[in-house]
1. Do we find that residue 122 is at pLDDT below 95, outside any helix (DSSP H, G or I) and in contact with a Ser or Thr (Cβ under 6 Å, 6 or more places away or on another chain) in this structure?
2. In segment 39-62, what residues are more than 10 Å from the chain's Cα centre (by Cα) and either surrounded by 15 or more Cβ atoms within 10 Å (Cβ to Cβ) or among the acidic types (Asp, Glu) (or both)?
3. Name the one entry in 86, 157 that is assigned to a loop (DSSP other than H, G, I, E, B) and either modelled with pLDDT under 95 or under 17 Å from the mean Cα position of the chain (by Cα) (or both).
4. So residue 155 fits all but one of (1) surrounded by fewer than 18 Cβ atoms within 10 Å (Cβ to Cβ); (2) in contact (Cβ under 8 Å) with a residue 12 or more places away in the chain; what number is the exception?
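The values are calculated or read from the model by the stated rules, or taken from the named source; none is laboratory data. Computed from a prediction, not measured in an experiment: that's the story for all the values here. Heads up, the Cβs are rebuilt from the backbone with ideal geometry, glycines too, and the neighbour counts pull from every protein chain shown.
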Amino acid sequence: MPLKTAEASSILSGRLPYYNQTIALGSGLERSCTWMEKKEKIVAVIEDDESYRVAVQRLLKSASPSVQSFGSAEAFLNSGQQHETGCLIADIRMPGMSGLELQSKLNADHCPISTIFITAHGDEKMRLQAMRGGAVKFLTKPFDCDTLLEAVQVALGFEG
């Protein structure tokens, strides 16, 4: 039985439902396949200010259920979730490793992640360093919620 349009659309978009399906390959050939849900990339929020971290996480969960937050860059690195992360939202100035140092480490480890920086203490030099390191956006606190959500969509590769 050939795939239905909605099923094919799901497969092309990367969201593969789990079920056994026989696919018509043409010329009378058929193939039995098992489709599985493709794991979504997470959005990681790294912010030392707990109230700000929780607020950003709540905002993002309204748009994407795959959001995790960390109180430090070190906690994120220790989680081992770098390869599952599609978008990183990081504060610039934090105790321990800064957001810019984290970006540099990830790039050096050949694990670049689309990053959005948020800061209350940013300057032009920091912004340039972040953007040269591959940042998607550099936002100054307080920032517009829609601007952050749009930047996350860009970072994850979705067209707005």
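1. Details: at pLDDT below 95: yes; outside any helix (DSSP H, G or I): yes; in contact with a Ser or Thr (Cβ under 6 Å, 6 or more places away or on another chain): yes.
So residue 122 passes the test.
2. In the first step, residues of segment 39-62 are kept if they are more than 10 Å from the chain's Cα centre (by Cα); the result is 39, 46-62.
Result: 46, 47, 48, 49, 50, 52, 53, 56, 57, 59, 60.
3. The unique qualifying residue is 157.
4. Unmet condition: (1).
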